[in-house]
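A short reminder: the numbers here are calculations on the coordinates, not readings from a lab. Small disclaimer: the values here were computed from a predicted structure and weren't measured. Cβ coordinates were reconstructed from backbone atoms using ideal geometry, including for glycine residues, and neighbour counts include every protein chain displayed.
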Amino acid sequence: MSIMVTLPTYNESANILPLIDELLAVQDDISVVVIDDDSPDGTHRLVRERQKKDPRVHLIHRTGERGRGTAGAAGFKYAVAQAADLIVEMDADFSHHPRFLPALLNAAQDADVVIGSRLMAGGGETGRSFIRRIITHLANSYIRLVLGLKVRDCTSGYRVFRRAVLEAIQLDTLTAKGPAIVQEVLFRCGQHGFRMVEVPIVFEERKRGKSTFNWRIILTGLWSVLKFRFRG
């Protein structure tokens with residue numbers, strides 16, 4: 001079994017090396033690909049040095065394009081090209097903690113897509129304001145309604161895919177440039193009838209580095225969901 005974790009990054013120098021170390025320690029068949037959008041803080045340089053010491057570390061250093069959506073798609077394409085059996089996506093700031101990865105991988109034995117869910121028994125969030133938690137619940141209700149999904153946590157970016165899933169959803173045709181890629185991929189998985197299951201995780205607000213979250217991202221994401229639905 002070959003497992004590749006995809007990590008889109010922008011200014012994650014404070015987190016990336018400890019995260020890579022923890023991921024590689026989960027099990028021996030895990031490798032990591034960092035997709036860095038030319039971070040001014042030198043994230044890509046740190047990864048490149050780590051790469052020289054461990055063949056399980058890969059780097060895509062993007063200098064001409066930026067955005068969570070296109071970075072995520074680039075990571076998926078790379079992992080598919082590497083013939084990984086299972087492909088993991090997660091944030092690089094420890095909000096998606098590696099300690100939950102074994103449970104997600106175990107669930108992937110009987111599912112096509114596994115979602116790390118905050119919105120089920122055993123899941124939750126720590127370090128976030130009441131407003132942010134309300135936004136999470138409202139956004140998920142809206143996404144489920146518009147896209148017709150039965151998944152509880154449609155906004156979770158901590159997921160495991162079988163390679164065949166990513167091959168089927170036509171990665172080259174993804175349109176989301178930002179974080180809405182999470183919903184676009186999920187919608188396409190639903191359209192193809194892939195079996196999706198959720199595993200509880202606790203989302204932990206970042207302790208190091210700066211979040212890029214803002215209202216513009218939220219509103220763009222909500223509008224993108226409508227476009228996914230009516231574009232079909």
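Worth pointing out:
- Separation in nanometres of the label points that stand 7 Å from Cα toward Cβ, at residue 172 and residue 41: 3.6
- Counting lysine pairs in region 3-231 that sit 8 or more residues apart in sequence, or on different chains, and whose Cα atoms lie under 25 Å apart gives 8.
- Among 187, 100, a tally of other beta-carbon atoms within 10 Å of each Cβ gives an order, fewest to most, of 100, 187.
- Given charges at beta-carbon only (K, R positive; D, E negative), |dipole| of the chain in Debye: 720
- Put in order of Cβ neighbour count within 10 Å, fewest first, the listed residues 205, 184 become 205, 184.
- Less than 5 angstrom separates the built amide H of residue 35 from those of 7, 9, 60, all sequence-distant by 5 or more or on a different chain.
- Residue among 7, 104, 175 farthest towards the positive dipole end of the chain, charges placed on Cβ: 175
- For region 3-231, the equivalent ellipsoid derived from the Cα gyration tensor has semi-axes of 25, 20, 18 Å, listed largest first.
- Computed from backbone phi, the HN-Hα couplings of region 96-113 come to 9, 7, x, 5, 8, 4, x, 5, 5, 5, 5, 5, 5, 5, 10, 8, 8, 9 Hz, rounded to whole numbers (Karplus: 6.51 cos²θ - 1.76 cosθ + 1.60, θ = phi - 60°; Gly and Pro given as x).
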